[in-house]
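Since every read-out is calculated from the coordinates, none of them should be taken as a lab result. Bear in mind the structure is a predicted one, so any value in this text is a computation, not a measurement. Don't worry about glycine lacking a Cβ; one is built from the backbone with ideal geometry, like all the others, and counts go over all protein chains shown.
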Amino acid sequence: MLNIEIDGKALEVEHGSTIIDAADKAGIPIPRFCYHPKLSVAANCRMCLVQVEKFNKPLPACATPVADGMKIFTRSKSAIEAQKSVMEFLLINHPLDCPICDQGGECDLQDIAVAYGTSGSRYTEEKRVVFNKNIGPLVSTDMTRCIQCTRCVRFLKEVGGMMELGMVGRGEHAEITAYVDKSVNSELSGNIIDLCPVGALTSKPFRYSARSWELTRRPSIAPHDGLGSHIEVHVKDNKVMRVLPREKESINECWLSDRDRFSYEGLNSPDRLKVPMIKHNGAWVETDWKTALEFAAGQIKDITNEHGSEALGVLVSPNSTMEEGYLAKKLADGLGCGNVDYRLRQTDFRLDGKRQGTPWMGINIHEIEELDRILVIGSNLRNEHPLLAQRFRKAVANGAELSVISPLDNDPLMDIAHKVIVRPNDMVNVLGQILKAMSGLQRLSLCLPASLNQLLEEIKVRPNTQAIAESMAGHGKDYDLVAPKVGIFLGNMALSDPRFTEMYSMAEAIGGISGAKGGILPAAANSTGMHMMGVMPSSTGMHARAMLEVPRKAYLIVNIEPELDCQHAALAKVAMAKAECVVALTAFKSQALENADVLLPIAPFTETSGTFMSMEGRVQSFTAVAKPLAECRPAWKVLRVLANTLGLQGFDYETSEQVKEAIFSGEKPSAVVWRSLNNNLKELVEIQVNIKHDGLQRIGEVPQYESDPIVRRSPPLQKTKYNIKPMARMCASQLEVLGLVEGDNVLVKQDKGSAVLTVKLDNHVAKGCVRVAAAHEDTIGLGDLMGDITVEKLSVEQLQAHTKASMEARA
Amino acid sequence: MLSQQAIEKIDYELTKYPADQRIAAVMSALRIVQTERGWLSKESITDVSQYLRIPEIAALEVAGFYNMYDLSPVGQYKITVCTNISCMLRDSDEIVDHLKAKLGVGFNEVTADGKFCLKEGECMGACGGAPLMTVNNHTMHEFLTTEKVDAILEELK
Amino acid sequence: MTTTISAQIPTPANSYEAGKPVMTDLNGQTLLCLRTLAEENPASLETYIKLGGYSALKRIVSEKTKATDIITQVKTSGLRGRGGAGFPTGLKWSFMPRYFDGVKYLVCNSDEGEPGTFKDRDIIRYNPHQLIEGMAIAAYTLGARVGYNYIHGEIWQDYEIFEAALHEAKAAGYLGENLFGTNFCFDLYAVHGYGAYICGEETALIESIEGKKGQPRFKPPFPASYGVFGKPTNVNNTESYASIPWIMQHGGEAFAALGVPNSGGTKLFSVSGHVGKPGNYEVKMGTPFTELLEMAGGVWKGRKLKAVIPGGPSTPVMPASAIMGATMDYEGLSKARSSLGAGSMIVMDETTCMVKALHRLSYFFYEESCGQCTPCREGTGWVYRVITRIVNGKGKMEDLDLLTDVSNNISGRTICALGEAAATPVLSFIKHFRPEFEYYIQHGKSMVESQIDAVVDGKAEPK
């Protein structure tokens, strides 16, 4: 520790601290624009100049390391003079028109100018004008206001992983810009709005819609991926105007993914369902809640009475709250129905009953950056967990070695030490190779169970898997780590794969040998919570896939659009069409709900209270930030009243807190979670490692801005470059095998369904695979996300015939 | 697409730096491509950045910072006259006026026939030879007089 | 102590007297960095070797001379950084970490872009091998494996001369792997700027070598700990390196003895502007200004001296009265309230309008500011615009105080020294020639030019 003095206050600070660190900790304010604790130090704005004893020039507090005995003056004559002069320089070319600036009221420059500026300007020359840039649908620019602090440039390069903005030109002519006519495509781009200390970068969707002082700020939890980012929802006149991050160092730090930031625009979609609706003779009729609930309850009762309770299927979105999931499950239980599930995009359920607890990510979020060796299996990280990916990026920047096994070779914007890009089926064999190589590494004098050893016998270890094994064991280029911190993670593509059980078992065995932490990266905001509460079939019940394969007579669906949110779109569509009754709790009207019979308008996360449990097992409750729209009601209430109407007992909850209380049986949630989270298997499941599989495999990725009903309705997100129509994407060598070229039209078929798509060259796709995005109306005729697929070239005539047929079908 | 000659030249420059620092060759690579193509178009900068495997914006930052790179066409011959203090003291203004009159263009303009572009230069580190100018960055002419300028222009025509 | 090395210097295989420093007299100069200048092909390896070139390197490397001994010699020589700052070279060398796991770098700063400075160019084009030898000795001393000579982009033909010299030196076994059969390896490369004054600042230069914009880094860390590619790096000026072979041949004391106390050796002075024979003059430190001016042919056209900028525009301008009695060395010029800088004498005769001269200089700093930090980015434009307004006849008397104030606000508050450099001419021009500025503001035209016009019109006698 070093002893220093700031403004006469004696402080003890850590070695390596800068003056600004020390001052911030001590609560001594130093003005700054370019400095940000999460970014590299630029020291370019000079606003933080302070006087330091024995130095004849003022020093920048952000870049000056403290030394023992240092005496610092932040408010001395020389410091104030320096700060005021910098403020004067910053303002000479900055427009002095705060009243028409969107940043007005929440502008660092405005705030600091009040303290350090003067009432008039000595500058009478011409002011600089900088042309605005169009950098995409999310961030608006007003570049004349830019003070060249370069926070945005540094963020995109250092945190986003890709240099998308630069400062081009020099001197007074230097401008922040993207490359010529490019936009900023980072999935974390919205953070540059928060970082910009002036009104140069503002939110495009929010622009000129409200003043910061008109907004009510309410805390909430992001409802999309499993990270559980803390957000602050800004509301005006009961309407959500924007979403900003709430600082939570251990989760989202001070950042937010664009999905979490801009999805709120979907809440204000014209698709919002405002009143209950019942289908009468094929036509939708608005009705009141009582009628709707009685109708729904009557239908469910009639069908279960007639066909037995197993004639009902209950499907719950993993983006729904714990309270909603719990009540849906309890309602099914009450009816004696075991067909309940939240795992809509899963196809392999062989691990059911074999787990010791609730699967989770197996590590705390912030610990990722401390890992030395990381293996990511079947995940397009930036697409699935845009902000979490940034933690991995930090780990790699800190020196971690990242190995990737995936059918997709998308750039995670961090260095990959080793990668194996293969068909999903072959990923199992690759994992087997790694396991075998690891067991052979002398350092790990561990034996595998005989059953596993037998499985691995025929497997041949290749150099690239040997390299991954060595990396996981701590071997290094320059030096070896004796006890490396290892993390192994399975992503969405693994979770949706028909051989998930094999992948999981192999990963667990590798983890066991290497002492790794890790687990699955649950896809949705409440996947972990749903699993913990057991929103899954009873021992005799049907899982999500089975409920669609063997259609039920009635469905109760909560917060889902079946064809878009289920593993097998075609099955989902058919099942819903065939059912006698579909009761849908939904916030939106939807083409995908055309086969429903009752639509019950529920409140999205901003209009209800509830709880999500994140991928690291954090139980996070939130309250409504706005009143429910029109006749919308919180889904937990709807489920409660529906249960009441069904005549079920034990649904007397007055508040969502009471439901939460019931979920945790009155215990402290963290205690329940602590007991529950466990990635280990009770026993080794019977698996096969060496299965050959010919034929094309589909990679049915869910694009990040198609992941759930809210996101799908956010216009700004839909305008980003990530919103591309599904195409049949294949690598060059695969195209050659099929005799296709980019731009060809093809008929892709899965099971009985098909889709007509355009061929796109995509060398990020493993050979033997076709990447066809899911959760899109163009591909709702298709089947499994990760399943067999065929591709046929269409002639012009065939294409025309298909187009005509589909037009007719639509009509 | 870079020409084979350009690639060979850039590869030579790359030998000067560690293998993981390809970006270091961006100054030379931009110079090489500009010399070959006359100026640096968006496509040229993209070509360079792709070959060096660096973000395009990183290459543009460099191209936009150093004033011997031209981000717009400069005709066949770019004439850059230094007008800084040492040259100014030795009547560079007269040389500039002469060139402007003779070529019929002002600074940063290209003659109608696309042959010449006139630029104002900053100190070239050769003030002993003032007044002076460069032609296409790489040929310097010192101790200029209006007669000498005429002779140089004549030769370029 | 000083003789341990010079005593080992072998007698050069030429007509020079044994033990006598190898130097040539050319018009009263003391040619040391430019010692090949009187020869037929000054830049050739043959010429350089004929004059004893590379002998110091060969001796040092073959005999495994201790690095500390070499640094001691350089310290004794009194050699100070020739790029302008005048920091003692030997001391700088001692800052390089001796034990470092990885590549250390050596960088030569040949990015001369400060107006009036063109001395390094002559070393590069007339005596490149001495620079190469100096860098190789420095590399040996500091344990640097790789070196870069960063050459100003505008002197392209000279860059090519240097590249050719590098190939020559490598072929002859003075650069590359296992030199002189030892395990000493040194690769030296030429790299170029492409039009940015700021790259003369050492950290901007390092950024530029790395393929980035030349934006100076905040110091600390200094290049000695975090330089090229983040590795320890020693940066010296061309002339500093070029002085090393001679120092190692003849000893630090001999070098120091050429100059005056605190300013050892010879110095190249770039003389430009209103003189009869502009060019570089290598003279002993401490030479009176009047002698140097005479060597450069005196003030041209028989006119009177008005002012001199002695070390490039970042050093304060000196009225004739102040410089006439000065000697050309660090202390001599500092006593006369200016600074030696890089030894770039810009000579201005009585016809020079100081307002317009400052106008051009302020444009230069405005144009060359890298734009990174606020005071310089915003302040240089402000200053330039105000002076432009004065030149356009729209000046106000309070502008002079404003200019002074704004310049003071730039100075000392920026990342690099360009802030001070930009402020210095404004402050010193207004200080020494205030009446000329006031006249311009009052009359809307130049005082000097008005006087000349009056002479031409026959209304007044020339002064």
Original post:
Too long at a 30 Å Cα-Cα cut-off: which of B:K16/C:K219; B:K9/C:K212; A:K54/A:K84; C:K104/C:K284; A:K589/A:K804?
Top reply: C:K104/C:K284
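Looking at the P(r) of the range C:264-303, how many percent of alpha-carbon pairs lie beyond 14 Å?
On the way: 313 of 780 pairs.
When every Cα pair of the range C:264-303 is considered, 40 percent fall beyond 14 Å.
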**OP:** Excluding A:V86 itself, calculate the net charge of residues whose Cβ lies under 12 Å from the Cβ of A:V86, where each Lys or Arg counts +1 and each Asp or Glu counts -1.
**Re:** +2
Original post:
In degrees from 0 to 90, rounded to the nearest 10, what is the angle of the helix A:796-810 Cα long axis to the longest principal axis of chain A?
Top reply: 80
Original post:
Taking the Cα atoms of the protein assembly as shown, what is the range of coordinates along each of the three principal axes, in descending order and whole Å?
Top reply: 122, 75, 73
Original post:
Which residues' amide hydrogens lie under 5 Å from the amide hydrogen of C:R82, considering only partners 5 or more residues apart or on another chain, with H built in the peptide plane?
Top reply: C:N237, C:S240
Original post:
For A:172-179, what's the mean count of beta carbons from other chains sitting within 10 Å of each residue's beta carbon?
Top reply: 6
**OP:** Show the residues, 5+ positions off or on another chain, whose built amide H is closer than 5 Å to the amide H of A:K485.
**Re:** A:D372, A:R373
Original post:
Looking at the range A:577-637 from every direction and averaging, what is the projected area of its Cα convex hull in nm²?
Top reply: 5.6
Original post:
Toward the positive end of the charge dipole of the protein assembly as shown, about the Cα centre and with charges on Cβ (Lys, Arg +1; Asp, Glu -1), which of C:Y148, A:Q356, A:A579 goes farthest?
Top reply: A:Q356
Original post:
Taking the Cα centre of chain A as the origin, how large is its charge dipole in debye, to the nearest 20, when only Lys and Arg (+1) and Asp and Glu (-1) carry charge on their Cβ atoms?
Top reply: 780
Subject >> Whole-angstrom gap from the range A:740-757 to the range C:23-88, using each part's C-alpha centre >> reply: 75
Original post:
Counting only other chains, what is the mean number of Cβ atoms within 10 angstrom of the Cβ of each residue in peptide C:191-200?
Top reply: 6
Original post:
How large are Rg and Dmax for the range A:45-146 when only the alpha carbon atoms are used, in Å?
Top reply: 16.8, 51
Original post:
What residue among A:L556, A:V50, A:V748 has its Cα farthest toward the positive end of the dipole of chain A, where the charges are +1 on Lys, Arg and -1 on Asp, Glu, each on the Cβ?
Top reply: A:V50
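Among C:408-419, A:674-685, how do they line up by average Cβ neighbours within 10 Å per residue, starting with the highest?
With the highest mean Cβ count within 10 Å placed first, the list reads C:408-419, A:674-685.
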**OP:** Let me know the shape class of the range C:330-463, please: from the alpha-carbon gyration tensor, a ≥ b ≥ c as square roots of the eigenvalues, rounded when a/c is under 1.5, otherwise prolate if a/b is greater than b/c, or oblate.
**Re:** oblate
Subject >> Cα-centre dipole for the protein assembly as shown with unit charges at Cβ (Lys and Arg positive, Asp and Glu negative), debye to 20 >> reply: 1380
Subject >> Charged-residue dipole, Cβ positions (Lys, Arg, Asp, Glu), chain C about Cα centre, Debye nearest 20 >> reply: 760
**OP:** Relative to the longest principal axis of the C-alpha atoms of chain C, give the angle of the C-alpha long axis of helix C:398-410, reported between 0 and 90° and rounded to the nearest 10°.
**Re:** 20
Subject >> Signed unit charges on C-beta, dipole axis of the protein assembly as shown, positive-most listed residue B:Y17, A:H568, C:G81 >> reply: C:G81
Original post:
Near A:K553, within a Cβ-to-Cβ distance under 10 Å, what is the net charge of the other residues, with Lys and Arg +1 and Asp and Glu -1?
Top reply: -2
**OP:** Return the inverse of the average 1/r over all pairs of distinct C-alpha atoms in the range C:235-351, which is the Kirkwood hydrodynamic radius, in Å to one decimal.
**Re:** 14.4
**OP:** Per residue of the range B:39-44, in order, report the coupling 6.51 cos²θ - 1.76 cosθ + 1.60 (Karplus, θ = phi - 60°) as ³J(HN,Hα) in whole Hz, putting x for Gly and Pro.
**Re:** 7, 9, 7, 4, 5, 5
Subject >> Surface/4 of the Cα convex hull for chain A, nm² >> reply: 38.1
Original post:
What distance in nm separates the simple spin-label points at A:D415 and A:A10, each placed 7 Å from Cα in the Cβ direction?
Top reply: 4.6
Original post:
What list of ³J(HN,Hα) couplings, whole Hz, do you get for the range A:664-671 from phi and the Karplus terms 6.51, -1.76, 1.60, once you set θ to phi - 60° and write x for glycine and proline?
Top reply: 9, 6, x, 7, 5, x, 5, 5
**OP:** With just the Cα atoms of chain C, tell me how far they stretch along each of the three principal axes, in Å, largest first.
**Re:** 75, 46, 37
**OP:** Return the average number of partner chain Cβ atoms within 10 angstrom of each residue Cβ along peptide A:39-46.
**Re:** 5
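What ranking do C:Y241, C:Y174 get, fewest neighbouring Cβ atoms within 10 angstrom at the top?
By the 10 Å Cβ count, ascending: C:Y174, C:Y241.
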**OP:** Sequence neighbours fewer than 8 away in the same chain don't count; with that in mind, list the lysines whose C-alpha is under 28 Å from A:K517.
**Re:** A:K38, A:K248, A:K354, A:K394, A:K419, A:K436, A:K460, A:K477, A:K485, A:K668, A:K682
Subject >> Gyration tensor verdict on the range A:488-644 (Cα atoms; rounded if a/c is under 1.5, prolate if a/b is larger than b/c, oblate otherwise) >> reply: oblate
Original post:
Summing Lys, Arg as +1 and Asp, Glu as -1, what charge do residues with Cβ under 13 Å from the Cβ of A:L455 carry, A:L455 excluded?
Top reply: -3
Original post:
Say R0 is 45 Å: what FRET efficiency, to the nearest 0.05, do A:D288 and A:C98 get from their beta-carbon distance?
Top reply: 0.35
Subject >> ³J(HN,Hα) computed for each position of the range B:56-72 - Karplus, 6.51 cos²θ - 1.76 cosθ + 1.60, integer Hz, glycine/proline x >> reply: 4, 5, 5, 5, 5, 4, 5, 4, x, 8, 8, 7, 8, 7, 10, 9, 9
